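The values are calculated or read from the model by the stated rules, or taken from the named source; none is laboratory data. In this text, all values refer to a predicted model and were calculated from it rather than measured experimentally. Here Cβ is always computed from backbone atoms with ideal geometry, including for glycine, and neighbour counts include all displayed protein chains.
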Amino acid sequence: MMTNRLASLLMAASAVAILGACSGDITSTQSGHMSAMVTDNPSSTSPTASMTPSSGFAPMADYRGTAQSVSGTSSSAFSGSMSSSMKVAISADGQSWIDICSPVQNTLQLQSTGDTTTLASRTSVPVGTYAYVRLTIDGANAQVTGSFGGIAYTDAQISVANGGQIVIEKQVQPFTITANTNATVIFDLNSELWITAQSVQSHAATAAEMAVEAGAAVE
């Protein structure tokens, strides 16, 4: 009789433990949502901290509202477009990344205050606090019209990174995604800082130039 009662108590205790573990698993796998956009807004020049191989992350910087590059050289006035494939990922620590979209083929209008490309819309991601964002670009080719170094160009072709891969990784203000909420990361290519007279004349721009000058913010 006592043996049966003891066995029943042990089974009940085990059931409670299992239910508790299951409850914990459910909580840990709750998800919120993440969206991503890319633009090239000439009125918002804002490079943010980049990952660097030698020293980890560069210091945070915010140049919003300025009309010149980090190096102090003034921007040229131009318009154009860039065709490429883009995808976005986020990270809590800058080491482990969560992709929030598959590669998206797009043509982005450069130096446009009204053109924004949506790369991800309310993608499910684990709840948590994140502080790093990554934009990966493949096959980028730009076409620009404008004046560079006093010379007028029409439909000048620029191959970025020789059409190879460009990885833009940025440290942003930490943001927390909770269950059923949505956060949006907006990348600004800041092409006014890396499309220069030299890049137009050589028909080439480097991945490093774009990666340093691009900006990112989360709303």
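Results, tabulated for the structure shown:
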read-out	value
Complete set of residues in region 77-101 that are assigned to a loop (DSSP other than H, G, I, E, B) and at pLDDT 95 or above	Ala92, Asp93, Gly94, Gln95, Ser96, Ile100, Cys101
Flag if Leu135 is touching a Phe, Trp or Tyr at 6+ places or on another chain (Cβ under 6 Å) and either under 20 Å from Met34 (Cβ atoms) or in a loop (DSSP other than H, G, I, E, B) (or both)	yes
Residue within region 172-188 that is in contact with a helix residue (DSSP H, G or I) (Cβ under 9 Å, 6 or more places away or on another chain), under 20 Å from Gly80 (Cβ atoms) and modelled with pLDDT of 95 or more present	no
Hits in region 145-167 (condition: part of a strand (DSSP E or B), out of contact with any helix residue (DSSP H, G or I) (no Cβ under 7 Å at 6 or more places or on another chain) and over 17 Å from Gln105 (Cα atoms))	Thr145, Gly146, Ser147, Ile151, Ala152, Thr154, Asp155, Gln157
Some residue of region 170-192 being surrounded by fewer than 14 Cβ atoms within 10 Å (Cβ to Cβ), small (Gly, Ala, Ser) and part of a loop (DSSP other than H, G, I, E, B)	yes
Residues within region 201-210 that are in a helix (DSSP H, G or I), touching a strand residue (DSSP E or B) at 6+ places or on another chain (Cβ under 6 Å) and over 22 Å from Ser43 (Cβ atoms), tallied	1
